[in-house]
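Asker: My structure is below; once you've seen it, I'll send some questions.
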Amino acid sequence: MNILIIGGGGREHTFAWKLAQSPKCNQLFVAPGNAGTAQIATNLAIGVNDFVGLKSAVIENKIEMVVVGPEDPLVNGIHDFFLKDEALKKVMIIGPRKQAAQLEGSKEFAKEFMKSNNIPTAQYASFTAATLEEGITFLSQMKAPYVLKADGLAAGKGVLILNDLAEAQAQLKEMLVDEKFGAASKTVVIEEFLDGIELSCFVLTDGKNFVTFPMAKDYKRIGEGDTGLNTGGMGAISPVPFVTPEFEKKIHQRIILPTIAGFEKADLPFQGFVFIGLIKVGEDPFVIEYNVRMGDPETEVVLPLIKNDFVDLLSATAKGELNSQNIEIDERTATTVMLVSGGYPEAYAKGKEITGLNSGAAASILFHAGTQLEGNKVITSGGRVLAVTSLASNFKEGLKQSYATIEKISFEGMNYRKDLGFDL
Ligand code: AMP
Ligand code: GLY
């Protein structure tokens, strides 16, 4: 079948790499893609929210399956757009309907979902400009640190964790009254702070049946020792060494099962990936957030561990037949190190030539994120540029392989974290 992947980052290059391995994948397209996807698929210069442009491409290229990478088009209702269109309604879409995508699109919606399904998460209350005074009082009754979350999508920047009460109260006002994060902070969720170690759990579901992928740990901060600003993710490791069989059982029973059952109960149409951001507090898992897509760079470590034919897995998802699939997982550990542009996550330069891309191919897999072709050169086009993935018997060996590959790659201003796994 002909398949279209929507998105243009490392996650989408990994989807393309995995789908291209399937004998069932005929022509593969990526919109808009990057220099990495251009090597194995046809890039289409169409934005992820240009539904009309995507429709034309699907018809013209006889596409039978669309895999949606990022959350934006899902929250904007791409799945519903296809279902409502006579010419598109038979196309398989991997990604939830708009209503279910609210699990990522609205923190308040996600918290209510967890509460009504008894899924362990931080205590919370939500406020709007009309209830600002109550919010200020609520904060004064809580203990530091204070967790403030913009309800809507804010490009990963909508969560503030503050130690000072007066500052938290001032920020609450800025978010609600001055719309610090635009419309996304018209409602703010205030949460109890949970102290523990984070990990991510990935489930592929058809809304009723599901398969669980290996867990992953990502490194979000720019600086070594988890310091400095948050990024989209500086690297990841999968599986997660501290997840014992007992802990995994708790995640399964207390979180995954009630989440999937909750979709059915609340009539939330979900065919796609559920990314559950977890925190381990003592020996117990709590949900920090839901995402309705795969993580990036978690995909770059999770998919290389899955042995199944990915077209089979995704077709079964779209058809509601995931119960027919048994997931097969590689025994090894996957690690990925993200190479980023100097200055990221603040201002950074683009258009720098990347060299050494063909030298490390044997030891590592290079997934492109912010790259672009310029003639026959590959240049940087984003903050996160390349994810260098390696598979080995343990994460230390895997990282050693990735760091050795990175020695051969260079572009002006290249930066990466050299301490991944420091906390494991
Ligand atoms: P979110 O966008 O909800 O994932 O939040 C972004 C980050 O803020 C998370 O990855 C955590 O590191 C942190 N965080 C969010 N909520 C809490 C909480 N209740 N307690 C402690 N840390 C949190
Ligand atoms: N790596 C975190 C995310 O994809 O949201």
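The values are calculated or read from the model by the stated rules, or taken from the named source; none is laboratory data. The shown structure was predicted, so the numbers you read here are calculated from the model rather than taken from an experiment. Cβ placement follows ideal geometry from the backbone for every residue including glycine, while neighbour counts extend to all protein chains displayed. The area values use the complete protein model at the heavy-atom level, side chains included, leaving out ligands, DNA and RNA. Shrake-Rupley method; radii C 1.70, N 1.55, O 1.52, S 1.80 Å.
Asker: Given the protein chains as shown and a 1.4 Å probe, how many square angstrom of SER393 are accessible, to the nearest 10?
Answerer: For SER393, solvent-accessible area is about 100 Å².
Asker: At 1.4 Å probe size, with no ligands or nucleic acids counted, give the accessible surface of LEU162 in Å², nearest ten.
Answerer: That residue has around 20 Å² of solvent-accessible surface.
Asker: For the chain, what is the charge dipole size about the Cα centre, in debye to the nearest 20, if Lys and Arg each add +1 at the Cβ and Asp and Glu each add -1 at the Cβ? Don't jump to the answer; show the numbers that get you there.
Answerer: Numbers: 41 positive and 52 negative charges, 145 e Å.
Around 700 debye, computed over the chain.
Asker: Keeping all protein chains in place, calculate the accessible area per residue for the chain (probe 1.4 angstrom), answer in Å². If you can, show how the numbers build up before the last one.
Answerer: Details: 17470 Å² over 424 residues.
Counting only protein heavy atoms, the per-residue value for the chain is 41 Å².
Asker: Also, quick follow-up: Measure off 7 Å from each Cα along the Cα-to-Cβ vector at ALA130 and ASP284, then give the distance between these two points in nanometres to one decimal.
Answerer: 3.5
Asker: Taking 8 Å as the Cα distance limit and 6 or more residues as the minimum spacing, I'd like the relative contact order of region 86-227 as a percentage.
Answerer: 21
Asker: Put +1 on the Cβ of every Lys and Arg and -1 on every Asp and Glu Cβ in region 176-290; which of ILE276, GLY196, PHE213 then has its Cα farthest towards the positive end of the dipole?
Answerer: Of the listed residues, the answer is PHE213.
Asker: Within 10 Å, count the other beta carbons around each residue, average over each peptide in 293-299, 239-245, 64-70, 26-32, and list them highest first.
Answerer: Top to bottom by mean Cβ count within 10 Å: 293-299, 64-70, 26-32, 239-245.
Asker: Continuing with this model, one more query. What distance in nm lies between label points placed 7 Å from Cα along the C-beta direction at LYS186 and ASN326?
Answerer: The modelled label-to-label distance comes out at 5.1 nm.
Asker: Just the accessible area for ASP218, please: 1.4 Å probe, Å², rounded to the nearest 10?
Answerer: For ASP218, the solvent-accessible surface is approximately 20 Å².
Asker: Which percent of the accessible area of the chain is formed by carbon and sulfur heavy atoms (probe 1.4 angstrom)?
Answerer: Working: 8440 of 17470 Å².
For the chain, the apolar C and S fraction of the accessible surface comes to 48 percent.
Asker: Classify region 334-385 from the C-alpha gyration tensor, please: rounded if a/c falls under 1.5, else prolate or oblate depending on whether a/b exceeds b/c.
Answerer: oblate
Asker: May I pose another question? Excluding residues on the same chain fewer than 8 positions from LYS319, give the lysines whose Cα lies under 25 Å from its Cα.
Answerer: Excluding near neighbours in sequence, the set is LYS18, LYS24, LYS55, LYS62, LYS84, LYS89, LYS90, LYS98, LYS208, LYS265, LYS307.
Asker: Given axes a ≥ b ≥ c from the Cα gyration tensor, I'd like to know whether the chain is rounded (a/c under 1.5), prolate (a/b larger than b/c) or oblate.
Answerer: rounded
Asker: Let a ≥ b ≥ c be the square roots of the eigenvalues of the Cα gyration tensor of region 246-330; is it rounded (a/c under 1.5), or, if not, prolate (a/b larger than b/c) or oblate?
Answerer: Values: a/c = 1.71, a/b = 1.23, b/c = 1.38.
Oblate shape, in that a/c is at least 1.5 and b/c is the bigger or equal ratio.
Asker: Moving on. Let me check something: with ligands and nucleic acids excluded, how do ILE329, ILE276, ILE46 order by accessible area (1.4 Å probe), largest to smallest? Intermediate results must be reported in sequence, preceding the final value.
Answerer: Numbers: ILE329 60, ILE276 0, ILE46 25 Å².
Most to least solvent-accessible, the answer reads ILE329, ILE46, ILE276.
Asker: Using a cut-off of under 18 Å, list every residue of region 209-242 whose amide N is near the label point 7 Å from the Cα of LYS250 along the Cα-to-beta-carbon line.
Answerer: 215-217, 240-242, by backbone N distance to the label point.
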